[in-house]
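Only the coordinates and a few stated rules stand behind these numbers; no lab work does. None of the values given here were measured: they were computed from a predicted structure. Using ideal geometry, Cβ is built from the backbone for each residue, glycine included, and neighbour counts are taken over all protein chains shown.
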Amino acid sequence: MINFDNSKKLVFSNTQKCVFAKIYKNKEILKINKKWMTFAKMNISIKLQIQKRKIEYKNNENNTKAKGEISMDFTGKNIIVTGGASGIGKAIVTGVVEGGGHAIIVDLKLDAAENLREELGKDKTSAYKVNLANSAEIREVFGKIVADFKQIHGLINNAGIVSTVPFDEVTQAEWDKVIAINLTGVYTAISAVYPSMKANGYGRIVNVASVAAKRGGGLLGTSADAASKAGVIGLTKAVAREGAPYGVACNGVCPSLTMTPMTANMGEEKTKKIIATIPLGRGAQPREIANMVLFYASDLASFATGEISDVDGGVTMDG
Ligand SMILES: NC(=O)c1ccc[n+]([C@@H]2O[C@H](COP(=O)([O-])OP(=O)(O)OC[C@H]3O[C@@H](n4cnc5c(N)ncnc54)[C@H](O)[C@@H]3O)[C@@H](O)[C@H]2O)c1
């Protein structure tokens, strides 16, 4: 920590001086005192900004960007967001609209999607009802979406459900349902828009997986959740590999505990237990996950494909 003494002058410990000396290569540091001050001030400013962001994110339950944060540019882009009516999906839809794009919400909950459209603007959003457990329905509705819009630039496969029971209590019906929505639904949605993206020579696909895929569950979701999300990661890489020559990028994002309706009712004790395993010591706000998704959906990620990013407060830290 860098301290101020009572006269508000910067005071450096010997360790800090050593660190600065290393950075400025010993011989320079003795001569250029001003650089110490600049470096120290920079450090303080960064720490204050991080602190401010933490507070902003804590208060950022309405999913908008934090103060001073830039929006990704989605001008002229049509982006499908599955599960866009709630939680992380709602934050993604908000980010697309903030960036000047048109968000196409695909969800089981049409009322919630329509409420969000009222909030964000009906001209900037559309909504379609789909049950992602039903492949025929996905093909029919996605076919309509592709026909309704001149071009689909992005597809965010965000919708999902969680399964929390121990392995020996998972029924065949539960297993089938989780795989149908979390994995087969993602495959079917991609396969419904992929040909048009390929023909246009442009597409940004982002799949929301989970830390459960990498850890074998263990936070909230268990085996069916972990297996479905691991499948999503494999699918992401395969689509990235095959889509690359046609300008179709596909990336994945793995959240850990995120404060959404999915996790709202799991109880204080379970929540505390999960938070204790997260190095950053808290759950994410939906927008913090959405920000990474929005990056991959944007042209800022022009050289990224097949990448799986953990946005998990430090839970995974894989190389
Ligand atoms: N919240 C977390 O802690 C967490 C952690 C890891 C991964 N995830 C993943 O993030 C994604 C979003 O989760 P969330 O927390 O925002 O959940 P949420 O429950 O708040 O929202 C999920 C949305 O998906 C929609 N949906 C669910 N089943 C559907 C179906 N069969 N057909 C159409 N729409 C359907 C719901 O209606 C809802 O709008 C999911 O894929 C989830 O697995 C969440």
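Which ³J(HN,Hα) values in Hz, rounded to whole numbers, follow from the phi angles of segment 90-96 under the Karplus curve 6.51 cos²θ - 1.76 cosθ + 1.60, where θ = phi - 60° and Gly and Pro get x?
3J(HN,Hα) across segment 90-96, in whole Hz: 4, 5, 5, 4, 4, x, 5.
With a 10 Å radius around each residue's Cβ, average the other Cβ atoms per peptide and rank 252-258, 146-152, 136-142, highest first.
On the way: 252-258: 25.9, 146-152: 14.1, 136-142: 16.6.
Output ranking for 252-258, 146-152, 136-142: 252-258, 136-142, 146-152.
Taking H placed 1.01 Å from N in the peptide plane, check which residues at least 5 places from residue 311 or on another chain put their amide H under 5 Å from its amide H.
Correct list: 254, 256.
What whole-number distance in Å separates the alpha-carbon centres of segment 80-137 and segment 181-237?
The distance from the Cα centre of segment 80-137 to that of segment 181-237 comes to 18 Å.
What ranking of 164, 188 emerges when the number of other C-beta atoms within 10 Å of each C-beta is taken as an exposure proxy, fewest first? List each step's numbers first, then the result.
Working: 164 15, 188 20.
If I rank by nearby Cβ atoms, fewest first, I get 164, 188.
Which of the peptides 260-272, 76-88, 114-126 is most tightly packed, and how do the rest follow, going by the mean number of other Cβ atoms within 10 Å of each residue?
On the way: 260-272: 12.5, 76-88: 25.6, 114-126: 15.5.
In descending order of packing, they fall as 76-88, 114-126, 260-272.
Using modelled backbone amide H atoms (1.01 Å from N, in-plane), which distant-in-sequence or interchain residues come within less than 5 Å of residue 156's amide H?
80, 81, 82, 206
Compute the length gained on full extension between residue 302 and residue 176: take 0.36 nm times their separation in residues and subtract their Cα-Cα distance, giving the result in nm to one decimal.
Numbers: separation 126, 0.36 × 126 = 45.36 nm, distance 3.58 nm.
Roughly 41.8 nm would be gained on extension.
According to the Kirkwood expression over distinct Cα-Cα pairs, how big is the hydrodynamic radius of segment 164-319, in Å? Mind dumping the intermediate values first?
Working: mean 1/r = 0.0613 Å⁻¹.
About 16.3 Å, per the Kirkwood formula over Cα pairs.
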